[in-house]
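A.B. asks: The following block contains the structure, expressed as structure tokens.
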Amino acid sequence: DRDTERVQVFTLDGQFVSQWGSWGSAPGEFDDPRGIAVSHDGYVYVSEVGNSRISKFTVDGEYVLHWGSFGAASGEFNAPKGLAVDEDGFVYVADYWNHRVQKFNADGVFVTSFGSLGSGDGQLWQPVRLAISNDGEVWVAEQKNFRLSVFTRNGVFIRTLDCYNGWP
């Protein structure tokens, strides 16, 4: 819940269950949360644009850890947005203004990154959302290129799908 700086939990039929978080930069607090992903082993990851970090929680909202800071080096972010977690527990982060995707282990240790500013194969322009397909491909939605770029989990470019619909 970006505007109220919290995570809310609901049942499949929309019944409120719980919530956690508030505005701030202390552990368990949020500043402009943008992305959320749940791992197969039940951890919840939240990206925060304002705090330039990723926070990890249990499914009950207990704070576990966070990583990241503002910048362009490995493990730093400039507007982390979309998140995805693969079947092995690796966390992928759409690093919006750094025009890349960063990959971390479940403890926030940097593994690799892929993408760079541009419109060519393997390049990204404002990656905003991520998904991992059933066959393990990393799908990256790019805001300015109006396309989906597809990579292996190790960051090897596979293909793009043009999504431009004529809207400027």
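A.B. asks: Return the pair list, or none, for Cβ contacts closer than 6 Å from residues in the stretch 73-91 that are of a type in the set (Gly, Ala, Ser) to residues that are surrounded by 15 or more Cβ atoms within 10 Å (Cβ to Cβ) and part of a loop (DSSP other than H, G, I, E, B), at least 6 apart or on different chains.
C.D. replies: Ala79/Val49; Gly89/Ser39; Gly89/Ala106
A.B. asks: Condition first: at pLDDT 95 or above, of a type in the set (Ser, Thr, Tyr) and surrounded by 20 or more Cβ atoms within 10 Å (Cβ to Cβ). Can you find one or more residues in the stretch 88-96 that meet it?
C.D. replies: yes
A.B. asks: Report the residue count in the stretch 75-106 for those that are under 15 Å from the mean Cα position of the chain (by Cα), part of a loop (DSSP other than H, G, I, E, B) and of a type outside the set (A, V, I, L, M).
C.D. replies: Residues flagged as under 15 Å from the mean Cα position of the chain (by Cα), part of a loop (DSSP other than H, G, I, E, B) and of a type outside the set (A, V, I, L, M) within the stretch 75-106 amount to 8.
A.B. asks: Now for a different question. Name the residue, out of Ser149, Ser119, that is open to solvent by 50 Å² or more (accessible area, probe 1.4 Å), touching a residue at least 24 places away in the same chain (Cβ under 8 Å) and either assigned to a loop (DSSP other than H, G, I, E, B) or within 15 Å of Arg100 (Cβ to Cβ) (or both).
C.D. replies: Going through Ser149, Ser119 in turn, just one is open to solvent by 50 Å² or more (accessible area, probe 1.4 Å), touching a residue at least 24 places away in the same chain (Cβ under 8 Å) and either assigned to a loop (DSSP other than H, G, I, E, B) or within 15 Å of Arg100 (Cβ to Cβ) (or both): Ser119.
A.B. asks: A further question follows. Tell me yes or no: at least one residue of the stretch 49-63 is in a strand (DSSP E or B), out of contact with any Lys or Arg (no Cβ under 7 Å at 6 or more places or on another chain), closer than 22 Å to Val138 by Cα and of a type outside the set (Lys, Arg).
C.D. replies: Yes, the stretch 49-63 has at least one match.
A.B. asks: Could you say which residue among Phe70, Phe110 is open to solvent by 50 Å² or more (accessible area, probe 1.4 Å), touching an Asp or Glu at 6+ places or on another chain (Cβ under 8 Å) and under 21 Å from Pro33 (Cα atoms)?
C.D. replies: Phe70
The values are calculated or read from the model by the stated rules, or taken from the named source; none is laboratory data. Since the structure is predicted, the reported quantities are computational estimates derived from the model, not experimental observations. Cβ: placed from backbone, ideal geometry, glycine included. Neighbour counts: every protein chain shown. We work out accessible area using only protein heavy atoms, side chains counted, and drop any ligands, DNA or RNA first. Shrake-Rupley method; radii C 1.70, N 1.55, O 1.52, S 1.80 Å.
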